[in-house]
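Please read the structure below before turning to the comments.
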Amino acid sequence: MEGIFGNKTVGSGPVEEIYSDFIDTFNLVKSNSSKTIKIKKRNNSKPWITTNLSKLINERDKLFRIWKQSNSNKLNIRNQYNKARNSVNWEIQKAKENYHREKLFNSRFDI
């Protein structure tokens, strides 16, 4: 019975050795056939991104995932996501403007 176990036939050799070969082969097949997904962490190291903004961004992203995965009631979830998205974009824009305004104000005395 050649193939997966090489030249070994069922019943030849100690049971522990055959079992060990089976487990090794099974783990090899499993590792070669599994799909590995890398999850990238978003880099929000911009100085105007606060912890509150990060929470809003995470909530927006959660609503997006729920919207994409849902099969029913998509319109309601989409509306919730759109409101969260617009709110987050507005908050980011406001925080960015405030950050740059503060930087400009603080740098006016630097000569």
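Read the figures in this text as sums done on the coordinates, not as results from a lab. Computed from a predicted structure; not experimentally measured. Positions of Cβ are generated from backbone atoms using ideal geometry, with glycine treated the same way; all protein chains shown enter the neighbour counts.
Which order do peptides 15-23, 31-39 fall in by mean Cβ count within 10 Å, highest first?
Values: 15-23: 11.3, 31-39: 5.9.
Ranking, from highest mean packing down: 15-23, 31-39.
Could you tell me which of rounded, prolate or oblate describes the chain, using a ≥ b ≥ c as the square roots of the eigenvalues of the alpha-carbon gyration tensor, with rounded for a/c under 1.5 and, failing that, prolate when a/b is larger than b/c and oblate otherwise?
Working: a/c = 6.90, a/b = 2.49, b/c = 2.77.
Judged from the Cα gyration tensor, the chain comes out oblate (a/c at least 1.5, b/c at or above a/b).
For the modelled label position 7 Å from the Cα of GLN80 along Cα-to-Cβ, which residues of the range 28-65 have backbone nitrogen atoms closer than 19 Å?
Zone members listed by number: 55-65.
Excluding GLU91 itself, what net charge comes from residues whose Cβ is under 12 Å from its Cβ, given Lys and Arg +1 and Asp and Glu -1?
On the way: positive: LYS55, ARG60, ARG85, LYS94, LYS96; negative: GLU59, GLU97.
Value of the local net charge: +3.
Looking at this model, which pairs from LYS62/LYS83; LYS55/LYS94; LYS62/LYS103; LYS38/LYS83 are more than 22 angstrom apart at the alpha-carbon?
On the way: LYS62/LYS83 13 Å; LYS55/LYS94 16 Å; LYS62/LYS103 33 Å; LYS38/LYS83 29 Å.
Table pairs above 22 Å Cα-Cα are LYS62/LYS103; LYS38/LYS83.
I need the calculated FRET efficiency for the pair LYS40 and GLU91, taking r as the beta carbon distance and R₀ as 22 Å, to the nearest 0.05. Walk me through the intermediate numbers first.
Numbers: r = 23 Å, r/R0 = 1.05.
So the FRET efficiency works out to roughly 0.45.
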